[in-house]
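Structure first, commentary second.
Taken together, the values in this text are just the output of simple stated rules run on the coordinates, not laboratory data. Keep in mind the model is a prediction, meaning the values are calculated, not measured. Neighbour counts run over all protein chains shown; Cβ positions are idealised from the backbone, glycine included.
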Amino acid sequence: MTQDDSRKHPLRDSTQDIRAADRIPDTPQTRSPAYRLAFADQEFLTREELRPVRLQLELLKPQMLLDEWGINSTIVMFGGARIPAPEQADTARTETLRGLTRYYDEAREFARIMTLRSKASGGTDGVIVTGGGPGVMEAGNRGADEAGGVSIGLNIVLPHEQAPNEFVTPELSFNFHYFAIRKMHFLMRAQAICVFPGGFGTLDEMFESLTLIQTRRMKPLPFLLFGKEFWEKIIDWKALAEAGVISDSDLSLFQYVETAAEAVAVLDSWQPLI
């Protein structure tokens, strides 16, 4: 019988059995992979056939921890990892990137303002969530940290080395293998989506979110694109509508903003159009 009086049932704790299994006699039988406890067997858990279980675990772990922290809703911030802070503009690969550094500051200020509001209402709603990496993501977590609040980082394992930025709340810093599950966690608690200039990853996140709203698989919510000049240069939205591949009404699913103050004003006055 377990010694942990906080448990809700009298059954033996699985962690106790893991420790007990480490103390068993060393024999040919106990050395066999077949003898390992299934839930403590990494080789077994990473088998091809166990993908459905890994998908479930990756959905469940952040969900449980966010619930334990009482996080009810989030402000999602997507944006480019390659956009440096203005003080590091000389590290930008291109002149265009150097010009986009102003959006680092806008992301930082927006996150600071929204985190102050979140704290004033209890700190469980409107919590900033980013991809946890550098660039605009760092700016979002940094602004939240400067406001004295918490923020979430949803990192993903990439072939090149990447660590969470230093401003993510450590207890809310998650790491993913599956892009699809990561994107679910971005949207499951979203009360607003803010998209800053970025590349393939940002575009992927933006279009998947827009598609979910367009097809009514997701409720309408404030959807802000920072940087009208950038977005209209890389995407001809009107041409999509004129071609008939989207509806004219789909162009109302998002709004352009330039500054943190403008974004806050839009959120305060937002009304669903569909």
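Miscellaneous remarks
- Listed by chain and number, the lysines placed with their C-alpha closer than 20 angstrom to that of LYS183 are LYS61, LYS219; residues fewer than eight positions away on the same chain are left out.
- Residues of segment 159-180 with an amide N closer than 14 Å to a point placed 7 Å from the Cα of GLU208 along the Cα-to-Cβ direction: 176-180.
- Largest GNM mean-square fluctuation across GLU49, GLU171, GLU109, computed for the chain with C-alpha springs under 10 Å, falls on GLU49.
- Using the Karplus relation 6.51 cos²θ - 1.76 cosθ + 1.60 with θ = phi - 60°, the per-residue 3J(HN,Hα) values for segment 111-116 come to 5, 5, 4, 5, 6, 4 Hz, with x marking Gly and Pro.
- Sorted by Cβ density within 10 Å, fewest first, the residues GLU95, GLU258: GLU95, GLU258
- Peptides 78-85, 217-224, ordered by how many other C-beta atoms sit within 10 Å of their residues on average, highest first, read 78-85, 217-224.
- Fully extended contour minus Cα-Cα distance, from GLN29 to TYR256, at 0.36 nm per residue: 75.2 nm
- Averaging the sequence gap over all C-alpha pairs within less than 8 Å and six or more residues apart, then dividing by the number of residues, gives the chain a relative contact order of 16 percent.
- Taking a point 7 Å out from the Cα of LYS219 in the direction of its Cβ, the residues of segment 186-201 whose backbone N falls within less than 12 Å of it are 189-192.
- Rounded, prolate or oblate (a/c below 1.5 giving rounded, otherwise prolate when a/b exceeds b/c) for segment 58-269 by Cα gyration tensor: rounded
- Put the Cα centre of segment 226-274 next to the Cα centre of segment 50-113 and the gap is 20 Å.
- Extended-chain gain in nm, criterion 0.36 nm per residue less alpha-carbon gap, PHE179 and ALA163: 4.1 nm
- Under a 5 Å amide H cut-off, with hydrogens placed 1.01 Å from N, VAL127 pairs with SER73, THR74, ILE75 among residues at least 5 apart or on other chains.
- Point-charge dipole on Cβ atoms (K/R +1, D/E -1) for the chain, about Cα centre, debye to 20: 620 debye
- Straight-distance crosslink candidates among lysines, where the alpha carbon sits under 17 Å from LYS238 and sequence neighbours closer than 8 are dropped: LYS228
- Cα gyration tensor, segment 90-147 - rounded (a/c under 1.5), prolate or oblate: prolate
- Burial ordering of MET206, MET188, MET137, fewest other beta-carbon atoms within 10 Å first: MET188, MET206, MET137
- GNM result for the chain, Cα springs below 10 Å: residue of ALA239, ALA163, ALA139 fluctuating most strongly: ALA239
- Efficiency of FRET from Cβ geometry, GLU43 and ILE246, R₀ 41 Å, rounded to 0.05: 0.30
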